[in-house]
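All remarks here apply to the structure that follows.
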């Protein structure tokens, strides 16, 4: 359950108010409630057949409830590192054989999905400390590097290197290699051009 503790802590750190209020807010969030069920399912997988037979129906019911109530589909077979953070729920789908690193943030309407044909058949591998913006689609057997930032509505179908910032252009365009770190607000679109690698 160490991974779940880190999941909860990520949400706790984004909350405001007193510590009790932040804890309650975290535990009521759709993201934490989803990850409790995902981690519960993963915990069951490591138990003996008797425990599996008893608890798997409970997991199945809870998992279906998450899909219906929050619009989040994360199978227990997906490999997800600690500190997974769901910023806004709704329309989130993750493939069953996706591999996701530590401290990854995802937003609403994100798909980390499989491609069924060609050399890219399979699901993505996402590195550590990656931010995935609203509406982004990451498809096929590709790799997204550590510290990458995927902008809203970007469609990613090729490997993304470490520290890349990617935006829809359409599909995607790398505009910086500064990684998923805080940056000063850009005042004009002209300043975005200065971030493009030469």
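Test residue 44 against the stated conditions and say whether it is touching a helix residue (DSSP H, G or I) at 6+ places or on another chain (Cβ under 8 Å) and either outside the structural domain of residue 128 (by TED's automatic domain parsing) or under 14 Å from residue 81 (Cα atoms) (or both). So residue 44 fits the description; yes.
Candidates in the stretch 9-24 are the residues that are over 14 Å from the mean Cα position of the chain (by Cα) and in contact (Cβ under 8 Å) with a residue 12 or more places away in the chain; of these, the one that is surrounded by the most Cβ atoms within 10 Å (Cβ to Cβ) is 12. For residue 174, the conditions (1) more than 23 Å from residue 91 (Cβ to Cβ); (2) in a loop (DSSP other than H, G, I, E, B) all hold with the exception of (2). Starting from residues that are in a loop (DSSP other than H, G, I, E, B) and touching a helix residue (DSSP H, G or I) at 6+ places or on another chain (Cβ under 8 Å), keep the ones in the stretch 82-101 and report whichever is surrounded by the most Cβ atoms within 10 Å (Cβ to Cβ). My answer is 84.
Determine whether the stretch 119-127 contains at least one residue that is surrounded by 14 or more Cβ atoms within 10 Å (Cβ to Cβ), in a strand (DSSP E or B), touching a residue at least 24 places away in the same chain (Cβ under 8 Å) and at positive phi. The answer is yes; a qualifying residue exists. For the stretch 64-74, the set of residues classified as out of contact with any helix residue (DSSP H, G or I) (no Cβ under 8 Å at 6 or more places or on another chain) and either crowded, with 21+ Cβ neighbours inside 10 Å or not in a helix (DSSP H, G or I) (or both) consists of 71 only.
The values are calculated or read from the model by the stated rules, or taken from the named source; none is laboratory data. Just so it is clear, the model here is predicted, and its values are computed rather than measured. For neighbour counting, all protein chains shown are included, and Cβ atoms are generated from backbone atoms with ideal geometry for every residue, glycine included.
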